[in-house]
Amino acid sequence: MKNLLHIYSLRKGPQNALWLQELAHREGTPLLLVNCQIIEKQYKKLAKALPGTDFFYAIKTLPHQSVINTLHSCGCGFDIASNGEIAMVESCGVPAARCIHTHPIKRPSDIERSLDYGCTTFVVDNPCELEKFTKYRDRASILIRVGFRSPDAVVDLARKYGCQPEDVFILLEKAAEAGISVKGLSFHVGSQAITPHAHVRAIEDSGDIIRESRRRGLFLLEILDIGGGFPAAYSDDVPDIEEFCAPLRDAISYLPENTRVIAEPGRYIAAPAVTAISSVIGKAMRGDSMWYYLDDGVYGSYSGRIYDSATYPIEVLKKDGTPRPSVLAGPTCDSIDVIAEDIMLPELEPGDLVIGHMMGAYTIATATDFNLFPRPKIVVMNEKQGSCRAQTHVLQRNGFTTKMARS
């Protein structure tokens, strides 16, 4: 699990080295800082890059009420996939009309919970799932998820879900026979797509399916959900969102008339909005490398190293000293709990801070309680007043307001 360390200089302003040290001293570590201004900024950049597209934030990426609250105030919708996620948006006062239920496999009780909330748009990708909606045909509408594989995506999401393009018409015909309303198509080419090629091909192929469905007199298929996969800038070789979306805009312009395009962004919005703060709790020389043990690791905030194939930009606040080969490891007893290897760091001591950047996507969302080490506290920064009913208390630092979320 070797990792190239990306040196990432702290920005000027309240989130500087002194402020981080003060916050860590007051609250303890590990901590996760959620900056709602960045959530809003990322949303607006994506909306500008794909004008005319309606966005539904994928809650699974970073399921926190401050994120829901911020995006709700921006006019964003929400992609829900579980009863827990329904409960979260419901507690934030999000109207059900601004949600879609995108999990392709659901229990009848899941469908009923969503309908009781008022969310009536669902996704299916197989005949068994479609049959579940026969009893709900007067209350629900369907998007058919099509599987388009992408060799450029870091995480392939079309392996587990999505029917073959040639099977779409089988589902459309079954839906027509059962009186089930099919409103459109959906796809997700994979998470952290480095090039737009798969998106463009999927949009073009979906357009062909829509035209053929209309030609056959089956369904108008007025919605195309282009999923997520918009890349976050973990490194310099990731394309800018405007550059990435330009070919998508062109492909969308050739879709059949009156096709509403929606998307399910998650990583692009959440990743840059979170900073992790952890402390060195021990050190040992092993072979030619100095091992530093932190109070956070791959069973905690850095879980994306395992589940998401992510490499996070890492920084140490201590700048003096001669760099030497080092390893950053987590606190648990498991030997796979290693964050970064073969990196050059100055010599650190217990209590020194290690900062992880770009830590918003699939980090705390996939953290565990292994060894019963506590999960990081979450500090919310720059949240606008909204309807979420989270229990919080306010922290004041250098004239700057944050909120500490109570889990």
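Contact annotation: residue pairs with Cβ atoms under 6 Å, 6 or more positions apart or on different chains, pairing a residue in the range 313-325 that is more than 17 Å from Ser279 (Cβ to Cβ) with a partner that is hydroxyl-bearing (Ser, Thr, Tyr), are Pro313/Tyr8; Pro325/Ser289. Of the residues making up the range 190-206, those that are under 30 Å from Thr134 (Cβ atoms) and either buried (at least 23 other Cβ atoms within 10 Å of the Cβ) or free of Cβ contacts under 8 Å to residues at least 40 places away in the same chain (or both) are Ala202, Ser206.
Results for (1) modelled with pLDDT under 95; (2) over 28 Å from the mean Cα position of the chain (by Cα), shown as yes or no for each residue.
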position: Asp138; (1), (2): no, yes
position: Ser141; (1), (2): no, no
position: Gly147; (1), (2): yes, no
position: Leu157; (1), (2): yes, no
position: Lys160; (1), (2): yes, no
position: Gln164; (1), (2): yes, no
position: Asp167; (1), (2): no, yes
position: Ile170; (1), (2): no, yes
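Where in the range 253-338 are there strands (runs of 3 or more DSSP E), lying wholly inside it, with at least 1 residues that are outside the structural domain of Gly184 (by TED's automatic domain parsing), more than 26 Å from Ala232 (Cβ to Cβ) and modelled with pLDDT of 95 or more? Before the answer, list the steps.
On the way: elements: 260-263, 274-286, 289-294, 314-316, 324-329.
Strands (runs of 3 or more DSSP E) meeting the threshold: 274-286, 289-294, 324-329.
Just give me the residues in the range 343-362 being assigned to a strand (DSSP E or B) and among the small types (Gly, Ala, Ser), in sequence order. So that I can check it myself, show each step before the final result.
Going through the range 343-362, the residues assigned to a strand (DSSP E or B) turn out to be 343-345, 353-356.
Residue satisfying the conditions is Gly356 alone.
Of all residues in the range 91-117, those satisfying the criterion of being closer than 27 Å to Val168 by Cα, more than 19 Å from the chain's Cα centre (by Cα) and not basic (Lys, Arg) are Ala97, Ile105, Pro108, Ser109, Asp110, Ile111, Glu112, Ser114, Leu115.
Can you pull out the residues in the range 25-65 that are polar (S, T, N, Q) and more than 26 Å from His188 (Cα to Cα)? Within the range 25-65, Thr29, Asn35, Gln37 qualify. For the range 242-262, the criterion of a residue being acidic (Asp, Glu), farther than 30 Å from His64 by Cα and out of contact with any Gly (no Cβ under 6 Å at 6 or more places or on another chain) is satisfied by at least one position. Name the single residue that is nearest to Leu221 (Cα to Cα) among those in the range 260-292 being surrounded by fewer than 24 Cβ atoms within 10 Å (Cβ to Cβ) and polar (S, T, N, Q). This residue is Ser279. Among the residues of the range 91-111, write down those that are loosely packed, with under 15 Cβ neighbours inside 10 Å and outside any helix (DSSP H, G or I). Answer for the range 91-111, where residues must be loosely packed, with under 15 Cβ neighbours inside 10 Å and outside any helix (DSSP H, G or I): Gly93, Pro95, Arg107. Does the range 353-372 contain at least one residue that is buried (at least 19 other Cβ atoms within 10 Å of the Cβ) and farther than 26 Å from Ala232 by Cβ? Checking the range 353-372: not a single residue is buried (at least 19 other Cβ atoms within 10 Å of the Cβ) and farther than 26 Å from Ala232 by Cβ. Counting residues in the range 9-19 that are more than 25 Å from Lys132 (Cβ to Cβ), of a type in the set (Ser, Thr, Tyr) and assigned by TED's automatic domain parsing to the domain that holds Arg260 gives zero.
The values are calculated or read from the model by the stated rules, or taken from the named source; none is laboratory data. Model, not experiment: these values are computed from the prediction. When we count neighbours, we look across all protein chains shown, and the Cβ atoms used for this are built from the backbone with ideal geometry, even at glycine.
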